[in-house]
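What follows is one structure encoded as C-alpha cells, with my remarks underneath.
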Amino acid sequence: MAAGAPMGAGTSSHIYEGNAPRLMAPSWIFIGFFLLAPVIMMAVYSFLTKEFRGGVIWEFSLAAYDQFFFDRGLFGDEPPSIEWTYIGIFWRSIWQAGLATFVCLLIGFPTAWFIATRDPQSRSIWLFLVTIPYWVNLLIRTVSMKFLIRDTGPLNEFLLQVGVIGEPLGLINTNFAVQLGLFYSYLPFMVLPIYAAVERYDFALSEAAADLYSGAWTTLRLIILPVVKPGIIAGCILVFVPSLGAFLAPDLLGGAKTFMIGSLIEEQFKGNAGNWPFGAAASMILLTIVLCILLVYARNQNKTEIR
Amino acid sequence: MASVTDLRRFPGFLAITLTCLVVLYAPLIVVAVYSFNASTSITNWGGFSLTWYVDVFTGPDAPKFQRAAINSLIIAVCAAVAATSIATAAAVAMTRAGRFKGKTLSFALINLPLMVPEVVTAVASLVFFSAIGFTTGLLTILVAHIVFCIPFAYLPISARMQSIPDTYEQAAMDLYATPRQAFTMVLLPLMTPGILSGFLLAFIISLDDFLITNFVKGAGVETLPTAIFGSVKQGIKPNIMAISTLMLGVSIVFVSLSWLIGRTGQNKK
Amino acid sequence: MASQDIAVSVDQVVKHYGNFTALHGVSLDIRESEFFTLLGPSGCGKTTLLRAIAGFESVSEGHILLKGEDLTGLPPHQRPVNTVFQQYALFPHMTVLENVMFGLLRKGWSKVEAVRRGQDVLDLVQLAEFAKRKPTQLSGGQQQRVALARALAPRPEVLLLDEPLSALDLKLRQSVRSELKALQRETGIAFIFVTHDQEEALTMSDRIAVMSNGRVQQIGSPKEIYEAPVNRFVADFVGETNLLDVEIASIDGGTASVVLPGGTPFTCPAATVLDPGRGHLSARPERIRITAPGDAHLDAVVTGHTYLGTDIQLQVRLSDGEVMSVRLQNSETTSVPEVGQTIGLQLEEGAARLLAD
C-alpha cells in the first residue's frame, strides 16, 4: 500500500468493510432468483391469457382482473356489474383473519402479561410451555384439532357420555372450527412480542398511576396498554398476515362455506380446472394487501422510534 | 393473600393463561394418547398397545412414509445447512461491514420470504419452476426450502452478532491477528450459539413446511407433511396418529435443545 | 538525531467524518519511556487520535510516525502497538492465559515460549494463579490487569490505553493508578493514556496534552498545565478556577499590568499571545487569602459556605456582581467569615495568570 494513500479496508473500524458484496451475494442470488423473480413472473402472468389445461398464452389480457371484479353474465355479453363472489371470499378472509387476531389478542395479552410478571425462573418455563406447540408441525397440530373436535371425535364422545349434550356439537366444517384452527396456529406469534414489551415495562409507571388515584383497570387502559402498544401491534400483524393467506386451517377444519383466499388461489393451480392468470391475479391482490399493511406498519415504526 | 397493592396482578389472567395452555395442548395430548389405542375403531379406547407404531414401520404404508421421512430429513438437513451458511455471511455483512450500497435493500430482500404470504410463494415458485423447466422433485423442493429458511436462520444469528461488541475483533487485530484470523478465532466462536439456534430454527421450519412443498414437488415425490396430508384427505387413520406422535417427540427434543443452547449463549455473554 | 528518542510522532493529523472534523491538524511528539496523557472532555478527539495511532481509524491528512517510520496505510495487525480497551474486550471464550498468549502466537512465537512469556507477564500483574480461569470469572480490577498483561505481552513499542480505569469503582481506581504508573516505569514502554479525568492525568503523567474540539490546547508537565495554563479552556478544565474579567493596562513579554474589578492595579504573569484590551484573570480558589476589607486586591461579600471535608469553600460576590469561590483549609485555626460579612481578598502574586480566550 502506498504511503500517504487513504487507508484501506483493513484499517477501518468495520473490519469487513468492502467485503459486503461478496458476503451478500448468496442471499441476493437465492432470494432474488428463487423468490423475487417468481413473484415478478406471477405479476406478469396475471396480465396474460389463460390456457385451458393450466398455464398461460403470452397475450396481454385484463381478463383475470375483470373476472375477479366484474360479472358479465354467462356468455360475457351482458353489461358489467360488480362480481361479489371473489370480493366476498376476500372479505370473508379478512374478516376471519381479523377475528382470529382479535381473539388471539384477547387471550394472548393476559397470557403474555401473566408470564412476564412471574419471577425470572418460572418465567422461562411458562414461556417454554407456550412456545412448544409452535415448534410442532403445523399440519399435525391442525390434524390433531380436527381429530379432537369432529363429530365422532373424543370431545363429542366425552360430552355425550357425560350427558351434557344429546347429539354431537357439529363443530367441524364451521367458522368456529376455522377460528379455533387459526387461533391454535398463530397464538404464539401474539404472545411473544407482547411478552417482550411487557418485560421491558417499567412498573414504576403503574406505581405512579396508583399513587395518583388510578385503579388497576384504569391503569391498564390509560398507562399499560399505550406503553406496550408497539408489542401489541407487532403481535397483531404477525397473526393477521399469515391468517389471511392461511390454507391448512380452512382446508382441513372448514367446509365449503368457510372457503378462504388460500384455497381459492390453490384451486387455480391444481389439476385441470385451474386458471393460472386468475390465480396469479388473486395472489397479486393478496400480496398487495399484505404489503400495504406492512408498509403502514413500517412507516409508523420509523416515526415512533427515533434512531 | 394476594394483596391489593400488587400492581402486577389482574384477576382472571391466570385462568386465561391456563385455558390457553389447555387449548394448545389438548389436541396434541389426545392424539398422543389415542396413538396407543389397541382398537381399530379410532375413537373407542381398546386398551394400551403399540400396534400402530409397529404398523408405521412394517405396515402396508410403511415404505411410503419411510421414503417420505427420509426425503424430509435430507431436505431439512441440506436446507438448514445451506440457509445457515448464507445467513451467516449475510449477518456478517449487515453487522460488520459498515454502510454499503444497497444495505437497506439487502435487509428487505432477506426478510422478503417472511413478508410474502406462504400461499403466494408456493404458487409463484410453481409457476416459475415450471416455466424454467426445473422440476426435478427433491432438488426443487430443496431450493424452495433454502429460500424461506434464510430469514429464520438470519434472525438469531444477527441478533447474536449485534450483542457482540466489535472491540473483540479490534482487540484481535491489535494483537496481530489478520482479519481472517480475527473472524475464525474470535468472532466465529462467539457467534456459535446464534448459528446453532439459527440452524435449528431453519431445520424445524423446513421440516414443518407443507404448502410450498406441496406445490413445487414433482409427481411421486413426497415429504412427510405432504404424505400425511394426502393420507388425512381420506380420513384420519390410527397410523397417522402414531406418526404425528413421533414427530411431536422429535419437535420437543429439538425445542428443548435450542432452549438449552439459548441459555448457555446468554450465560456466556 | 533528536528524533531517536521520540516514540510516536503525530504530524498535522486531520480526521473528517463526513462534514464533521474530529481532528484539526494535530501535531505532537511522544518520547520514549514516557507516560503521556491525552486529556479532554468527551468529543474532543482524544479517542479518535488514539484509534488512529492503533490503526482503527484512517487519517484524512497528515502522518503518524512510529520511531521515525510512517504507519499510514498499515492495518492494526501490522502495527507494533497494543491497546488496552475501555471495556477490556477480553475474549470470553478463552482463558486468561490464552488471552495473554493470543498476540504472541499471532506474531509467530512458539507455543512453549508464548506460555512462558504469558506466565511472566501474568506474574508482573500478580495474576499468575488465575491463568486457567475465564475472564468472566474475574473481578473488574483483575480483568483490567489481564487486559494490561495481554497488551504488554508482545512487548509493543507503545502501549495505548483508552480510559482503562473508567469501568472501575472509585476506590479501586485510585490504587490502580499507582500500580499502572509503577508498571510503566518497570517496563520502560511509552504509554499513551486517554482520559477525561483531570485527577488521573495529573497524578500519573509525565506530560499531558489537553485537547478540545479536535485541537491540542496545551502540552506540558502536570505542574505546567495546572499552574501555567495557556488559555481559559485549560484553566477551567484542569482544576477549578475563578475567571475575572479585567482591563489590561499594559503587557510586556510574560508580564501584564491589569486593573481588577474594584479598580486596584495588579501585576501578573501572562500567556504570550495577548493584545491589550480586556482579558481574563485566572485565580485558583486555594491561592486566594482572606484579609480585612479596604486595602486588599478585591472587596467581596460572603454569600455562602460549602463544607467539603478537607476544605471549606466560600462563595463570595464582588461589588460588580461577579461571583467567585475561595477555598480555606479546614482546621481549628481557620476562622470562617459569616454569610453577609464583607471581606478582603488577596490574590497570591504569581499564581494568578492573565489568559487568552
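The values are calculated or read from the model by the stated rules, or taken from the named source; none is laboratory data. In this text, all values refer to a predicted model and were calculated from it rather than measured experimentally. Cβ sites come from the backbone with ideal geometry, for glycine too, and all protein chains shown count toward neighbours. Remember, those area values only see protein heavy atoms, side chains included, never the ligands or the DNA or RNA. Shrake-Rupley method; radii C 1.70, N 1.55, O 1.52, S 1.80 Å.
What residue among A:248, A:294, A:48 has the largest mean-square fluctuation in a Gaussian network model of chain A, using Cα springs under 10 Å? Judging by the Gaussian network model, the answer is A:294.
Hey, can you list the DSSP H helices of chain C whose Cα span along the axis is 20 Å or longer and whose average Kyte-Doolittle score is at least -1.0? Could you put the intermediate results ahead of the total?
Working: long enough: C:170-187 (26 Å, -0.91).
Those that clear 20 Å and a mean of -1.0 are C:170-187.
Model label points for residue A:43 and residue C:155, set 7 angstrom from Cα along the Cα-to-Cβ axis, are 6.5 nm apart.
The stretch C:230-266 and the stretch B:109-133 have their alpha-carbon centroids 77 Å apart.
Calculate the mean, over all residues of peptide A:110-120, of how many other protein chain Cβ atoms lie within 10 angstrom of the residue's Cβ.
Numbers: counts 9, 9, 3, 6, 11, 2, 1, 6, 1, 0, 0.
Other-chain Cβ atoms within 10 Å of each residue's Cβ, averaged: 4.
Once backbone amide H atoms are built at 1.01 Å from N, residue C:23 has C:15 as its partners under 5 Å, excluding neighbours fewer than 5 places away on the same chain. In terms of the mean number of neighbouring beta-carbon atoms within 10 Å, the peptides B:116-124, A:37-45 order highest first as B:116-124, A:37-45.
Working note: Karplus 6.51/-1.76/1.60 with θ = phi - 60° gives the stretch C:282-297 the couplings 9, 10, 5, x, 8, 10, 10, 9, 9, 9, 6, x, x, 9, 7, 4 Hz, where Gly and Pro are set to x.
Cross-link check: pairs C:111/C:181; C:15/C:132; C:15/C:171 evaluated at a Cα-Cα cut-off of 32 Å; pairs beyond the cut-off: C:15/C:132; C:15/C:171.
Using a 1.4 Å probe over the heavy atoms of the protein chains, calculate the carbon and sulfur portion of the accessible area of the protein assembly as shown as a whole percent.
On the way: 24760 of 41600 Å².
Heavy-atom surface of the protein assembly as shown belonging to carbon and sulfur, 1.4 Å probe: 60 percent.
For chain C, what does the helix formula give at 222 nm: sum of -39500 (n - 2.57) over DSSP H segments with n ≥ 4, over the residue count, nearest 500 deg cm²/dmol? Please list the in-between numbers first.
On the way: 8 runs with 84 residues, N = 357.
Dividing the helical sum by the residues of chain C leaves -7000 deg cm²/dmol.
For the stretch B:139-153, putting each phi into the Karplus relation 6.51 cos²θ - 1.76 cosθ + 1.60 with θ = phi - 60° gives couplings of 5, 4, 4, 4, 4, 4, 5, 4, 4, 7, 7, 3, x, 5, 6 Hz, in residue order, rounded to whole numbers and with x for Gly and Pro.
Packing around the peptides A:155-167, A:112-124, B:220-232, B:45-57, taken as the average count of other Cβ atoms within 10 Å per residue, puts them in this order, highest first: B:220-232, A:112-124, B:45-57, A:155-167.
List the pairs from B:103/B:217; B:103/C:107; A:229/A:257; A:146/A:257; B:64/B:237 whose alpha-carbon separation is above 26 Å, in the order I gave them. Over 26 Å apart, Cα to Cα: B:103/B:217; B:103/C:107; A:229/A:257. When B and A come together, around 8500 square angstrom of accessible surface is lost from both chains combined, probe 1.4 Å. Taking amide H as placed 1.01 Å from N in the peptide plane, residue A:83 has its amide H under 5 Å from the amide H of A:70, A:71, each at least 5 places away in sequence or on another chain.
A Cβ-based charge dipole, computed about the Cα centre of chain B with Lys and Arg at +1 and Asp and Glu at -1, lands at about 440 debye. Each part reduced to its alpha carbon centroid, the stretch B:170-240 and the stretch A:187-220 end up 36 Å apart. Per-residue ellipticity at 222 nm, computed for chain B from helices alone with -39500 (n - 2.57) per DSSP H run of at least four residues, works out to -24000 deg cm²/dmol. Residues C:16, B:145, ordered by accessible area of protein heavy atoms at a 1.4 angstrom probe radius and largest first, appear as C:16, B:145. Summing Cβ point charges (Lys, Arg +1; Asp, Glu -1) relative to the Cα centre of the stretch A:96-259 gives a dipole of roughly 260 debye.
Near the amide H of residue C:125, under 5 Å away, which other amide H atoms are found, from residues 5 or more places off or on another chain, if H is placed in the peptide plane? Those lying under 5 Å, H to H, from residue C:125: there are none. Overall, the stretch C:220-356 carries a charge dipole of about 160 debye about its Cα centre when +1 sits on the Cβ of Lys and Arg and -1 on the Cβ of Asp and Glu, all other atoms neutral. The mean number of partner chain beta-carbon atoms within 10 angstrom of a residue's beta-carbon across peptide C:49-60 is 4. For the residues of B:150-162, the average number of beta carbons from a partner chain within 10 Å of their own beta carbon is 1.
Less than 10 Å Cβ to Cβ from residue C:351, Lys/Arg counted +1 and Asp/Glu -1: what total charge do the surrounding residues give? Walk me through the numbers before you get to the answer.
Values: positive: C:284, C:287, C:353; negative: C:227, C:286, C:348, C:349.
That sum, taken over residues with Cβ under 10 Å, equals -1.
Here the Karplus relation 6.51 cos²θ - 1.76 cosθ + 1.60, evaluated at θ = phi - 60°, turns the backbone of the stretch B:66-73 into coupling constants of 5, 4, 5, 5, 5, 4, 4, 5 Hz, with x for every Gly and Pro. Ranked by the mean number of other Cβ atoms within 10 Å per residue, highest first, peptides C:112-123, C:204-215 order as C:204-215, C:112-123.
Please give the net charge around residue A:194, taking every other residue with its beta carbon less than 12 angstrom from that of residue A:194, where Lys and Arg add +1 and Asp and Glu add -1. Walk me through the numbers before you get to the answer.
Details: positive: A:200, A:229; negative: A:199.
Net local charge, residue A:194 excluded: +1.
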